[in-house]
Structure formats: structure tokens, C-alpha cells
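Notes follow the structure.
The values are calculated or read from the model by the stated rules, or taken from the named source; none is laboratory data. Computed from a predicted structure; not experimentally measured. Note that we place each Cβ from the backbone using ideal geometry, even for glycine, and neighbour counts take in every protein chain shown. Just so you know, the surface numbers come from the protein's heavy atoms only, side chains and all, with ligands and any DNA or RNA stripped out. Shrake-Rupley method; radii C 1.70, N 1.55, O 1.52, S 1.80 Å.
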Amino acid sequence: MLKGGSMARRMSIDELEDQLLCPICLEVFKEPLMLQCGHSYCKSCVVSLSGELDGQFLCPVCRQTVDCSASPPNVTLARVIEALQSRGEAEPAPESCPTHHNPLSLFCETDQEVICGLCGTIGNHRQHKITPISTTYCRMKEELSVLLTDVHQYKRNLDEHFSKLINNKSRIANEADVFKWVIRKEFQELHRYIDEEKATFLESVEGKAAQLITSIESQVKQTSDALQRLKEIHSSLEMLSNENQLDFIRKYSSSQFRSELPSLLPGDGIFSPISFKPCFHQDDIKMTVWKRLHRHVLPAPEMLKLDPVTAHPLLELFKGDTVVQCGLYQRRDSNPKRFDSSSCILTCKGFSCGQHYWEVIVGTRNHWRVGIIKGTVSRKGKLSKSPENGVWLIGLKEGKVYEAFSTPRATLPLTARPQRIGIYLHYERGELTFYNADSPDELSPIYTFQAEFQGQLYPIVDLCWPERGPYSPPIILPPPGATRRPQGPCRQPLPEAPAEP
């Protein structure tokens, strides 16, 4: 019961404080004056307004003109205010306006400043949007609460972002270490191969030079022996010239010196210098090593086998499904994977990513096509041979014309007839390159397709229709062990540069 009375008393005091506000400054009365009309105002507010209005004071509430000099202090009201102020003496004194010295009780929304009542009535902030301090405080506290929530969320996001950055940094450092290890390993392998090539070239040069030097040293010895013999003949002739007539004639007529002289001269007596000519030119060393290195930097050759499920009924397989040849028609099941019109066959293994290299031996066939095909291409009916249809091929027609089945079809200007075709697929880069792989020392580029590969790709062999029967040359997928590696510089002569047109 007492608690309820106390609450009611508190509320009545709060309501009373709301009634003790000056209508001009909207603050609790200070030295209140009662005008002739019965309304009360702060003395400072009356003095300020009457001074600006030249002594004429118009009551802001009832709009009556009153005489300020006849306005006595409102003693009762001042005592009530004093009693209320004594209750709040423990509270700190409010901050005052530097211009009007009234408490700062309002907030100017326009200028974003805390002001007093007079500032909003007669000061620089009149006609501005003004709200009470308490209202502004509540609103800003709510905004602060929302801002704190946003700050916490931003902090969580930044913490998460910071953690991700640290993890990303660590991951990059780890990946960089792995790549550096791979680079060192690969370059060690390259250095090892280059050192082997250097040793092979040096061994070739030293062997050739030693052979020539041995031959020249043999000639030097023969010449030295001939010179020694000539000295002996010269000495004998000098002694003979000192003999008397009879002895001179007898000894000279029986001497064989003149017939011995021709045998002392090497050959025809004309010096023929020997030139040092190794089996390679010094300007071709870099190119030769680069071409041989090309085989080493390609991926290891794939172990491929032909898929009998895809073979046309005319095709026969041998040697563990690595050799295919045109034979007699065989009755086989008609499954969706089998070619029924084009004499083609695919490998069992397909590729959907990465780098791959394999070789196909086409031998002396006059008609053939090799390349890759998308796994989704239909095998029924005539095969549409173009990149737009998911087929990338090169081939030989009638033993004369080499073609790339691009759009439009391109004739390939090959001067040599390759019997072994190297095929290099770089799936991500969209490159399919064909090489002449006949030489064990180098790969000669034939043609490169550029495409955006998608899905599974399969190596394809097309034996073409013209060459059939048991005597038609086969096409072979050599095992990786049969892939030939580069040999020493003297085991394979360098190709001559083509003549300029």
C-alpha cells in the first residue's frame, strides 16, 4: 500500500514539474514574474523579449499587451520551484547555454546542436526542427543499440575474414613450398638430362678428335722415321763423295739410295690437311637438344588398348587388343557403342582432364585417320568428321594427301611420310597436337587443333574403307616400353634445312 502511494506521489511530482516550465524557454521557471494577464514567465525571458520589443511585451500565451514594469515576482511559484529543486540538489547542475545561460534542454536536428529554449525561440535556431533532449536521448540510445549490434556483426565478419586471410596465407605458403619442391625436382631432372646430352656431345667430339689425332700421330711417326732415314742417306752420300774415283764409282753404282727416296714420301708427296668434322654443326646444338628435350617434357606415353565393343564388324584385333586390321565381316551384337558404318574403333581409356601423350603406328597404309572423339558422338551411320561434331582427326588419303579435318578442311604440307604419329592432348588448354614421331631424337609438329574440350574424350582409329583384306597393313598402338627415346648425336643425322623458295 505504501509502495503504491509512493509511486502515485512520484508521478504527481513529475506531472507538477511539467507544469512549471516557462512557455518561452521551456525550462523550469527562474525568478518567475506574474504578468497582469495572470501568466508567469522567467524574469530573464521577459527582459529579453521586452528589450527586443522596445518595452512592449505581448504575452506569448494570451497575446495581450502588458506593462513589464508592473509585473511582481510570483513568490508562491518560486517557493514551489525551490522545494522541487531542493529535492534534486544531489543531481549535477545541467550544462548551460553560453549565449543565454539557460540549461541545454533541446536538440536542433537541423544543425545537430544542443541548445536552450531561447536559442530555439529567439536565437539562431528559430524555425529549425527542434526536439527535447529526452526524446533525442531515447532515439540516439536506440540508434546506439542498433549500431553496437552492427559493430558486433562487423567484428564477427572481420574476425572471420581475418581468419580466412591467415588460412589463405598459410595455404599459399604451403602450396608455394610444394611447387618449389616440384620445380627443383623437375629442374634437377632437366639438368640431369642436359648433363647427359652434354656428356654425349663431348664424348662424340672427343672420340672423333682422338680418332683423327691417332691417325695424325701415326703419320707423324712415319714422317719422323723417314726424316731419320734421310739423314742417314745424306751422311752416307757425304762420305761417298770423299772416296777416290774407283771406290766412288764402285759404291755409287751399287747403291739403292735413289730408288729408296720415293718410298720415304707419304702418299703422292702432297700434304693433305685433315679437317675436324663432327657429325653435327655447332650452330645446331641448342636446337638438337631442344628437340630431344621435347620428348622428355611430354607426359609419359599412355598404356592404351583398343575396345572391341566399339569396333566395326570388319575390324579384327590382335596382340592383346593393340593391333587392328581390316578383315572379313563378322556378325557382332549391335550395341550403341559400336560403329556400324565407319570402319572405326576407340580405345578403352578416355580422358576428361590433364595432359596425355600416346603414339599410333600407321605404317605403310595409304588410308588412315587418327585423333580423338567425344564419348557422346553417335556411332551409327556415317561419322561426321569435324570439330563441330566432336571429332578431331588428321589422316592420309590415297597415300598422297595429308589432311586435318578442321573447318574448313586443311591440307597438310608434309614432305616426309610419317609411319608413327605422336598425339599430345592438353585438355585444360584446349590443345590437340599431332607429331611425326618417326625419329627417336625429336618430334616434328604436324598440326594443332584449338578447342574448348568438354566431357570424356577417346582416342580413335579410322582404318578407312579402301584398304581391306588379310594383306592390308595394320594399325598398332605401341606399348610405352616401345616408345623410342633420343640417342647420341652421331646415331641420327640432323635433318637438312629446306631450301628457300
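Bridgeable lysines around K43 (alpha carbons under 25 Å apart, same-chain partners fewer than 8 residues away excluded): K30.
Taking 12 Å as the straight-line reach from the Cα of K286, the aspartates and glutamates in range (excluding those fewer than 8 positions away in the same chain) are E197. For K305, the residues 5 or more places off, or on other chains, whose built amide H falls under 5 Å of its own are C348, K349. Given (i) 19; (ii) 63; (iii) 29 as candidate values of percent of Cα pairs over 42 Å apart, which corresponds to the one derived from the coordinates? Evaluating percent of Cα pairs over 42 Å apart on these atoms matches (ii). In the context of the full set of protein chains, the chain has a per residue accessible area of 65 Å² (1.4 Å probe). Estimate the FRET efficiency between S86 and S134 by the formula 1/(1 + (r/R0)^6), using the beta-carbon distance for r and 25 Å for R0, to the nearest 0.05. For S86 and S134, the calculated efficiency is 0.65.
Past 25 Å, Cα to Cα, is the threshold; run K180/K374; K185/K349; K141/K164; K349/K382 against it and keep the listed order.
Those over the limit are K180/K374; K185/K349; K141/K164.
Would you mind calculating the gained length between E203 and Q36 on full extension (0.36 nm times residue separation, minus the Cα-Cα distance), in nm to one decimal?
47.1 nm
Coupling constants for region 110-121 follow from the phi torsions by the Karplus curve (6.51 cos²θ - 1.76 cosθ + 1.60, θ = phi - 60°), and in residue order they are 5, 9, 6, 9, 8, 9, 9, x, 5, 4, x, 9 Hz; glycine and proline get x. At full extension, V182 and D150 could sit 6.9 nm farther apart than now, given 0.36 nm per residue minus the alpha carbon distance.
Annotation: F179 carries an accessible surface of approximately 130 Å², with a 1.4 Å probe and no ligand, DNA or RNA atoms counted.
Placing pseudo-labels 7 Å out from each Cα toward the beta carbon at A210 and N242 gives an inter-label distance of 5.0 nm.
Find how much the distance from D283 to C353 grows on full extension, using 0.36 nm per residue of separation minus their present alpha carbon separation; answer in nm with one decimal.
Details: separation 70, 0.36 × 70 = 25.20 nm, distance 3.89 nm.
Full extension of this stretch gives 21.3 nm more.
Relative contact order, whole percent, for the chain stands at 11, derived from Cα pairs under 8 Å and 6 or more residues apart. The simple spin-label model puts a point 7 Å past each Cα toward its Cβ; for C62 and L77 those points are separated by 1.2 nm.
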